[in-house]
1. Could you rank 82, 221, 190 by how accessible they are, 1.4 Å probe, largest area first?
2. Student exercise: in the range 15-139, how many lysine pairs 8 or more apart or on different chains have Cα atoms under 13 Å apart?
3. Can you give me the accessible area per residue for the chain, using a 1.4 Å probe, in Å²?
4. Under 16 Å Cα-Cα from residue 348, which lysines qualify once same-chain neighbours fewer than 8 residues away are excluded?
5. Anyone know which of 101, 201, 38 comes out most mobile in the 10 Å Cα GNM of the chain?
6. Pick out which of 168, 88, 145 has the largest mean-square fluctuation in a Gaussian network model of the chain, springs linking Cα atoms closer than 10 Å.
7. Tell me, what is the 1.4 Å probe accessible area of residue 67, in Å² to the nearest 10?
8. So which residue, out of 333, 170, 283, gets the largest mean-square fluctuation from a GNM of the chain using Cα contacts under 10 Å as springs?
Amino acid sequence: MGRSIVIVGAGVIGLDVALLLAEQGYGPCITVVAEHLPGDTSINYTSPWAGANFSAISGGDANALRWDKYGYEHMLKLAEEHGTEACISKTPSFEYWDELPSPTKIESMAEYLKDFRILSLSDIPEGCQFGVSFTTITVNAPRYIQYLYGVLQEQYGVQFVRRKLPSIEAAFTDVSTKVVFNCTGNGARHLPGVEDVRSYPTRGQILLTRAPQIVKNVMRHGKDYETYIIPRPQSSGNVILGGYMQKGVSTGDTFSSESDSIVERTTTLLPELLTPGMEILAAFSGLRPSREGGARVERTNIQLEDSRDGIIVHNYGAGGTGFQAGLGMARDAVGAVEDVLSRLSREKSRL
Ligand SMILES: Cc1cc2nc3c(=O)[nH]c(=O)nc-3n(C[C@H](O)[C@H](O)[C@H](O)COP(=O)(O)OP(=O)(O)OC[C@H]3O[C@@H](n4cnc5c(N)ncnc54)[C@H](O)[C@@H]3O)c2cc1C
């Protein structure tokens, strides 16, 4: 049964699909095929470069609101039950806007975020028009995906294969494969059989610093910039400082002028970074797998060369929200093939 379900991609999006399926008992039916696996670093592998936290950076459309809510509730539970091993934690968060955010977005956040509060103008930085505080979920991105990798293999029997696929069709090489989840992130733009022209990267540069005195998240959303401070769980006081949202930029290089700007903006936003001081450990850049119109979570059929029908569930384009929205996206992706999964369950029980 090991190849009945193939997931292409081992970023947080593919791992979240594997987790949801494994929790429903399909672990031994799953093979994850990916060029990069947790523990690797590459500019073509975004997940290890994320900040990462839950924030209002996501969109205000119905999908984004639903995915965020589901993701928050699940990650909150995970932080409470397995926070230490998973390297995720509950952290106080303060978010400020230079311009008024959409009321729909704020109303939705207010419904489910723990300790949600709208801040008075006297409590927010000069130049901002709106601010909120709440309990967020903060994630040590590279270690969290390694935690999922371990749990999926050891607890649920999911297989992982390192391989770069030449096309999406190649995921159906095994005749027992019933469904393929396409979780290739930025790969979706050029992968034969997908070639989604709406996909594009959004580059971000971040700084890894040590500042153990920082125990809260702070974010400022500007018209054309994002500034954020995210303490990294289980890291002995490391803090991520950001950042940039550069649409269509695909270099993995880092630039000292951008590092200087990040230091200037974050220390202005949170002067505590300078008392007693912070050490800059490294600069990184990553490419958020973005998509015009939002993430694609969609079931499609393809006719395979051997004239079998192949079912693909596309699940990519999470942009800057793969950690917070990934479980919600996974729920929709898995829900799209309930019929296939029930057939698989019947076959499993006959064996
Ligand atoms: C600086 C920065 C900060 C961020 N901060 C946050 C944050 O605070 N909160 C948040 O929620 N999100 C954040 N993000 C966004 C988040 O990192 C992404 O949304 C998420 O990592 C996307 O995951 P993914 O699985 O789609 O892609 P990836 O992690 O890129 O994984 C893609 C996978 O597909 C595989 N693949 C691709 N093509 C092929 C092929 N042909 N054959 C085999 N395998 C293939 C790759 O090898 C890889 O395993 C941030 C991103 C950046 C860059």
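The values are calculated or read from the model by the stated rules, or taken from the named source; none is laboratory data. Everything quoted here is computed from the prediction, not taken from an experiment. Here the Cβ positions follow ideal geometry from the backbone for every residue, glycine too, while neighbour counts run over all protein chains shown. Remember, those area values only see protein heavy atoms, side chains included, never the ligands or the DNA or RNA. Shrake-Rupley method; radii C 1.70, N 1.55, O 1.52, S 1.80 Å.
1. 190, 82, 221
2. Step by step, the pairs that qualify in the range 15-139 add up to 6.
3. Spelled out: the 1.4 Å probe surface of the chain, per residue, equals 43 Å².
4. Qualifying lysines at Cα under 16 Å: 178.
5. 101
6. Of 168, 88, 145, the Gaussian network model singles out 168 as fluctuating most.
7. 20
8. Looking only at 333, 170, 283, the largest GNM fluctuation is found for 170.
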